Amino acid sequence: MFLSFLAGILQNGGDYWNEDHTAFTFNTDAARTTLNQMMRMVDEGIVDPVLFNDSANWGGNAFFSNQAAITLIGPWAVHLRDDFPDFGELGYVALPSFGEEPVFAADAGWGLTVSKNSSASDVAWDFVQFAAANADNALMWNQTSHTIPALRSLVEDEATRSTLLADAPWLE
């Protein structure tokens, strides 16, 4: 639900960052509007945060075991099909937007970070550049992990795109 909250703030014309982008701020009109919209969905029975939540009945398992008709989940969910081999076809749809613009927020993924307190931050940043900014290395990572590329060049190049989709057609 946190991602829905962040996306809702953006869709309601706000921002969840403070002015210098060093911290979140939720004491805004857009955040209050979004929270009220989310609370209304709970009050009207559209979502049930008690029945379906990350610790008691995660949406991915609920979806694949036919307890839920729809769930918020990332494209990596196709790997869950290995655990539920009798599950039929599935598809992805865009989330409805609170506002006119269908903007979204993403807080997860395969990411690399470097601590500002590290005594070897220069070496760590060299590795990040090697692993994530070099197109060949990033492609190898995406092929191995079956993840959506972060580098636009990997999906804009037709040959590279075909290579990715050959092993992971669900990325289409």
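Here are some notes:
- Residue under evaluation Gln37, criteria (1) of a type outside the set (Gly, Ala, Ser); (2) surrounded by 15 or more Cβ atoms within 10 Å (Cβ to Cβ); (3) within 20 Å of the chain's Cα centre (by Cα), criterion not met: (3)
- In the stretch 82-104, the residues that are closer than 21 Å to His146 by Cα reach residues that are aliphatic (A, V, I, L, M) and assigned to a loop (DSSP other than H, G, I, E, B) with C-beta atoms within less than 9 angstrom, at least six apart or across chains, in these pairs: Tyr92/Ile73; Val93/Ile70.
- Residues of the stretch 14-32 that are over 28 Å from Lys116 (Cα atoms) and either surrounded by 15 or more Cβ atoms within 10 Å (Cβ to Cβ) or hydroxyl-bearing (Ser, Thr, Tyr) (or both): Gly14, Thr28, Ala30, Ala31.
- Any chance Leu51 is of a type in the set (A, V, I, L, M), modelled with pLDDT under 80 and over 27 Å from Pro169 (Cα atoms): yes
- Each residue in the stretch 137-172 was checked for being assigned to a loop (DSSP other than H, G, I, E, B) and in contact with a Phe, Trp or Tyr (Cβ under 9 Å, 6 or more places away or on another chain), and 5 of them qualify.
- Check on Glu156, loosely packed, with under 15 Cβ neighbours inside 10 Å, within 22 Å of the chain's Cα centre (by Cα), modelled with pLDDT of 90 or more and of a type in the set (D, E, K, R): yes
- Selection from the stretch 48-63 of residues that are under 17 Å from Leu95 (Cβ atoms) and without any contact (Cβ under 8 Å) to a residue 40 or more places away in the chain: Phe52, Gly59, Gly60, Phe63
- Residues in the stretch 73-91 that are within 16 Å of Trp170 (Cα to Cα) and exposed (fewer than 11 other Cβ atoms within 10 Å of the Cβ) were compared, and the one that is modelled with the highest pLDDT is Pro85.
- Here Pro169 clears all of (1) surrounded by 15 or more Cβ atoms within 10 Å (Cβ to Cβ); (2) free of Cβ contacts under 8 Å to residues at least 60 places away in the same chain except the condition numbered (1).
The values are calculated or read from the model by the stated rules, or taken from the named source; none is laboratory data. These figures come from a predicted structure and were not determined experimentally. Don't worry about glycine lacking a Cβ; one is built from the backbone with ideal geometry, like all the others, and counts go over all protein chains shown.
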